[in-house]
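Notes to accompany the following structure.
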Amino acid sequence: MNKKLNLFFIAQHIISASKAGVFPPPKVNLNFSTPRQAVMFADRCLLESFLSYLKDYSEYKINLDAKIIDLFCSCVSWKKKIILSGKLSSINPYYEPLLSMCSVSSLVLLMTHRCQLRCRYCIIRKYKEDSSIQVIKQACDSILSTRSNQPHIQFFGGEPLLCFDLLKEAVIYAEEAASKKNKKINFGINTNGILLGQKELSFFIAHGIVPEVSCDGDKKTFSASRSSSAYPKTLAALEALRISGMPYRIIMVVEPPTLCNMEKNYYFLRNLGHKEIQINYASGVIWSKDDMKFFADKLENIDAEERKKGYRLFNFKKGRKEPVALNSEFACDCNGDIYRETGLCLEKSFLSLKKKFYVAPSPAEACLELAETSKFENLWKLFSEYRNDSDILSLIINNVMFGSYLNKRFLLDGI
């Protein structure tokens with residue numbers, strides 16, 4: 001435990017130096033070329049040491065030590081506290097790094113909670129509620145008010161194409177609002193593809209909307225987690241996207257029961273002519289260490305074969321971040337509530353989950369950049385909300401460890 005806490009004390013020294021505006025930080029025998037490197041390293045030390053502590057708690061059933069927990073608690077939101085203190089000046093070398101660690105460039109926009117399917121690994125209950133143009137305009141204004149010159153809006157659900165007319169209004173409004181600020185706004189959409197017809201496809205092409213279509217492989221695998229009747233429509237949508245030549249991506253989710261067919265399902269989709277296939281491990285389920293290794297081995301095998309053809313598996317392209325369980329994206333609910341997507345696959349009740357990760361009652365009242373959190377802070381938030389539920393906490397630790405393992409093995413853009 002002392003070795004793991006050494007990382008914590010390194011972070012603490014960097015934090016103290018940051019508060020004093022001192023660079024390089026004293027008492028830290030490491031060479032940082034910029035203050036940003038020091039700030040990022042402090043966050044990583046906090047995350048690694050806290051994760052190691054929680055791993056011991058989960059695997060060896062140790063008792064949580066209140067003094068150790070208090071140590072980590074004292075470091076939550078440390079960057080934000082420095083910014084809000086008003087003590088920073090333009091000559092302080094930590095000023096820009098601290099702000100750049102609180103940069104927001106994307107917003108998930110929930111169009112509806114309705115969906116035609118009930119996928120097994122999507123445990124959140126569906127219900128009848130759609131967004132409104134008033135909420136959407138506020139959400140667009142909010143993401144455009146950040147420092148990002150190329151913000152991104154991801155249309156999500158439920159199934160967002162159930163509200164296609166509203167989606168069109170959102171895109172047109174966002175483009176006009178971005179133009180007034182001399183910004184370029186990008187769009188993506190998560191969809192099951194069932195409602196993707198020619199008018200939707202034409203609109204996507206005209207406005208550069210990049211679809212991410214959920215399809216887990218062949219009919220047997222697809223039907224194991226959702227209605228088989230949707231399969232022909234999903235394949236037809238994917239074929240229309242392929243023929244169009246526009247950018248799109250398939251999201252192929254692998255669960256422990258379908259792990260043995262992971263390569264087979266990938267090449268089934270690949271042989272249909274689809275190039276961008278992102279292989280996701282299912283969140284919200286326990287993965288054994290053997291299954292984690294098997295998944296990683298298969299990723300490596302697939303990527304090695306793709307490299308021979310001049311491609312890369314999407315999982316290994318720049319921008320893929322792990323652990324996904326520590327996702328810190330902001331989402332705007334249909335009623336305008338802003339919440340973090342952290343913990344998305346942990347509870348069936350969306351209202352209960354949203355309450356835990358609530359940020360603001362409307363986009364107009366949410367200062368997204370100051371509400372941004374690091375991976376350590378997201379892990380702390382998950383721990384704080386579920387520390388009394390040992391089953392969910394063990395699930396969180398397991399999923400974070402899976403992502404951390406993939407990151408360290410493949411040097412992804414994560415911890």
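On the given criteria, is Lys180 basic (Lys, Arg) and either modelled with pLDDT of 95 or more or not assigned by TED's automatic domain parsing to the domain that holds Gly245 (or both)? So Lys180 fits the description; yes.
Quickly run through the stretch 240-257 and pick out the residues that are outside any strand (DSSP E or B), in contact with an Asp or Glu (Cβ under 8 Å, 6 or more places away or on another chain) and farther than 15 Å from Glu212 by Cα. Before you say what the answer is, go through the steps one by one.
Just the residues of the stretch 240-257 that are outside any strand (DSSP E or B), to begin with: 240-248, 255-257.
Next, only the ones that are in contact with an Asp or Glu (Cβ under 8 Å, 6 or more places away or on another chain) stay: 247-248, 256.
Pro256, the sole residue that qualifies.
Within the stretch 266-293, the set of residues being under 13 Å from Tyr311 (Cβ atoms) and charged (D, E, K, R) comprises Arg270, Lys275, Glu276.
Matching residues to (1) under 30 Å from Leu382 (Cα atoms); (2) assigned by TED's automatic domain parsing to the domain that holds Thr258; (3) in contact with a helix residue (DSSP H, G or I) (Cβ under 6 Å, 6 or more places away or on another chain); (4) modelled with pLDDT under 95:
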{"position": "Gly273", "(1), (2), (3), (4)": "no, yes, yes, no"}
{"position": "Asp291", "(1), (2), (3), (4)": "yes, yes, yes, no"}
{"position": "Lys309", "(1), (2), (3), (4)": "no, yes, no, yes"}
{"position": "Phe314", "(1), (2), (3), (4)": "yes, yes, no, yes"}
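Just one of the listed residues (Ser77, Ser16, Ser58, Ser49) is modelled with pLDDT of 75 or more, polar (S, T, N, Q) and at positive phi, and it is Ser77.
Taking every residue in the stretch 224-249 that is over 19 Å from Arg118 (Cβ atoms) and pairing it with any residue that is modelled with pLDDT under 95 and assigned to a helix (DSSP H, G or I), at least 6 positions away or on another chain, the pairs with Cβ-Cβ distances below 8 Å are Arg249/Phe314. Can you confirm whether the stretch 380-388 contains a residue that is acidic (Asp, Glu) and surrounded by 15 or more Cβ atoms within 10 Å (Cβ to Cβ)? Yes, the stretch 380-388 has at least one match.
Confirm whether Ile189 is in contact (Cβ under 8 Å) with a residue 40 or more places away in the chain, under 23 Å from Gln134 (Cβ atoms), under 23 Å from the mean Cα position of the chain (by Cα) and not in a helix (DSSP H, G or I). Steps first, please.
Numbers: in contact (Cβ under 8 Å) with a residue 40 or more places away in the chain: no; under 23 Å from Gln134 (Cβ atoms): yes; under 23 Å from the mean Cα position of the chain (by Cα): yes; not in a helix (DSSP H, G or I): yes.
Here the answer is no, as Ile189 does not meet what is asked.
Select from the stretch 367-395 the residues that are in contact with a Gly (Cβ under 8 Å, 6 or more places away or on another chain), within 24 Å of Leu107 (Cβ to Cβ) and hydrophobic (A, V, I, L, M, F, W, C) and list them in ascending order. Within the stretch 367-395, Leu382 is the sole residue that qualifies.
Considering only residues in the stretch 192-214 that are assigned to a loop (DSSP other than H, G, I, E, B) and not hydrophobic (A, V, I, L, M, F, W, C), the one that is farthest from the chain's Cα centre (by Cα) turns out to be Gly197. From the list Tyr311, Tyr339, the one residue that fits, being of a type in the set (Phe, Trp, Tyr), surrounded by fewer than 17 Cβ atoms within 10 Å (Cβ to Cβ) and more than 27 Å from Asp65 (Cα to Cα), is Tyr311.
Would you please name the residue that is surrounded by the most Cβ atoms within 10 Å (Cβ to Cβ), looking only at residues in the stretch 1-32 that are over 24 Å from Met401 (Cα atoms) and under 29 Å from the mean Cα position of the chain (by Cα)? Of everything passing the filter in the stretch 1-32, Ile14 is surrounded by the most Cβ atoms within 10 Å (Cβ to Cβ).
Considering only residues in the stretch 246-283 that are over 18 Å from Asp297 (Cβ atoms) and small (Gly, Ala, Ser), the one that is surrounded by the fewest Cβ atoms within 10 Å (Cβ to Cβ) turns out to be Gly273.
The values are calculated or read from the model by the stated rules, or taken from the named source; none is laboratory data. Everything numeric in this text was worked out from a predicted model, so none of it was measured. Backbone-built Cβ (ideal geometry, glycine too); neighbour counts: all protein chains shown.
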